[in-house]
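Since the structure comes first, as structure tokens, the remarks are kept for the end.
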Amino acid sequence: MAKPRVGLFSTLPIYWGEGDIAAVIDGADEKDWVREELESRFDLVPLDTLEPEALAGLDRVILAQPRALAPSENVSFDQWLVAGGRAVILADPMLTRHSRYSLGDRRRPQDVVLLSPILAHWGLELRFDEDQPAGERSAEIDDVPFPINLSGHFAVREADAKGRACTVGNAGLLARCAIGDGTAVVLADAALLDWEGPGPAPAGRKAALWSLLGPLATGDTPAD
């Protein structure tokens, strides 16, 4: 049975890694554990844009700490969801993942996610508590422990367009949105993807990842 095709749009080195281009071409750059997990169940399609031509033929997409979207991408992605697309989004207001690239380097992952226009369109506002303690801790989402670190939290506001409604749970950490005929699950943190320790990623981290990605793996609509 063919694996479902899933688009991946991310500034994190999940697909290509942070090695130099020669290492990527030669296959010498170590594959990120998240990519290995995703490819165990999905036919992964790396995306450079969310314009209509990139989303054509896809009905499932993961946005993991994406770059800021162009106005045309906001429109395209929203319309793709309205038509029945399903998305899981990790939107971190204070990224904690280590990068070999310094601040200001274009190769560095997006440190602060910039998705306010499309979140507001759906009726969400991402907030950040600057007084929270740093350091990884655990938070339960649907009875599954999730690693989080300097996370954000969502507040519900009036959507900027009809046919879009979001509910927020888990102290604002997770939002579930109905966007026309599609759905989006949005996590206000990306520390889940941070693991860089020796050996394989812990089983609990993998379990949390698949708990979040369940709607894409099964096709089910996430429960409220």
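Could you tell me which of the residues GLU73, GLU36 is out of contact with any Phe, Trp or Tyr (no Cβ under 6 Å at 6 or more places or on another chain), charged (D, E, K, R), open to solvent by less than 70 Å² (accessible area, probe 1.4 Å) and at pLDDT 90 or above?
On the way: GLU36 fails: open to solvent by less than 70 Å² (accessible area, probe 1.4 Å).
That would be GLU73, the only listed residue that is out of contact with any Phe, Trp or Tyr (no Cβ under 6 Å at 6 or more places or on another chain), charged (D, E, K, R), open to solvent by less than 70 Å² (accessible area, probe 1.4 Å) and at pLDDT 90 or above.
Can you tell me how many residues within the range 35-59 are assigned to a helix (DSSP H, G or I) and of a type in the set (D, E, K, R)?
Number of matching residues: 6.
Of the conditions (1) crowded, with 21+ Cβ neighbours inside 10 Å; (2) modelled with pLDDT of 95 or more, ALA68 clears all except one; give me its number.
(1)
For the subset of the range 43-59 comprising residues that are under 23 Å from PRO109 (Cα atoms) and more than 15 Å from the chain's Cα centre (by Cα), which member is surrounded by the most Cβ atoms within 10 Å (Cβ to Cβ)? Explain how you work it out, then say what you get.
As a first pass, look at the range 43-59 and keep what is under 23 Å from PRO109 (Cα atoms): 44-51, 54-55.
Filter once more, keeping what is more than 15 Å from the chain's Cα centre (by Cα): 51, 54-55.
Values: GLU51: 16, ALA54: 19, LEU55: 22.
By that ranking, first place goes to LEU55.
Which of the residues that make up the range 61-86 are of a type outside the set (Phe, Trp, Tyr) and more than 27 Å from ARG108 (Cβ to Cβ)?
Here is the first cut: in the range 61-86, the residues of a type outside the set (Phe, Trp, Tyr) are 61-76, 78-79, 81-86.
Selection gives VAL75, ASP78, GLN79, LEU81, VAL82, ALA83, GLY84, GLY85, ARG86.
I'd like to verify a number: residues in the range 129-185 that are of a type in the set (D, E, K, R) and out of contact with any helix residue (DSSP H, G or I) (no Cβ under 8 Å at 6 or more places or on another chain), how many? Give the derivation first.
Residues of the range 129-185 of a type in the set (D, E, K, R): 129-131, 136-137, 140, 142-143, 157-158, 160, 162, 164, 176, 181.
When the remaining residues are screened for being out of contact with any helix residue (DSSP H, G or I) (no Cβ under 8 Å at 6 or more places or on another chain), the result is 129-131, 137, 140, 143, 158, 162, 176.
Counting residues in the range 129-185 that are of a type in the set (D, E, K, R) and out of contact with any helix residue (DSSP H, G or I) (no Cβ under 8 Å at 6 or more places or on another chain) gives 9.
Out of everything in the range 148-202 that is of a type in the set (D, E, K, R) and surrounded by fewer than 18 Cβ atoms within 10 Å (Cβ to Cβ), what residue ends up being nearest to HIS121 (Cα to Cα)? Don't jump to the end; show me each part of the working.
Filtering the range 148-202 down to residues of a type in the set (D, E, K, R) leaves 157-158, 160, 162, 164, 176, 181, 189, 194, 196.
Still in the list and also surrounded by fewer than 18 Cβ atoms within 10 Å (Cβ to Cβ): 157-158, 160, 162, 181, 196.
Details: ARG157: 10, GLU158: 9, ASP160: 4, LYS162: 9, ASP181: 16, GLU196: 35 Å.
Step by step, filter the range 148-202, then rank; the result is ASP160.
Among (1) open to solvent by 30 Å² or more (accessible area, probe 1.4 Å); (2) outside any loop (DSSP other than H, G, I, E, B); (3) within 21 Å of ASP189 (Cβ to Cβ), which single condition is ILE62 missing?
For ILE62, the failing item is (1).
The values are calculated or read from the model by the stated rules, or taken from the named source; none is laboratory data. This one's a predicted model, so the numbers in the text were calculated from it and none came from an experiment. As a convention, Cβ positions derive from the backbone with ideal geometry for all residues, glycine included, and neighbour counts pool all protein chains shown. Areas reflect the complete protein model, heavy atoms only, side chains present, ligands, DNA and RNA absent. Shrake-Rupley method; radii C 1.70, N 1.55, O 1.52, S 1.80 Å.
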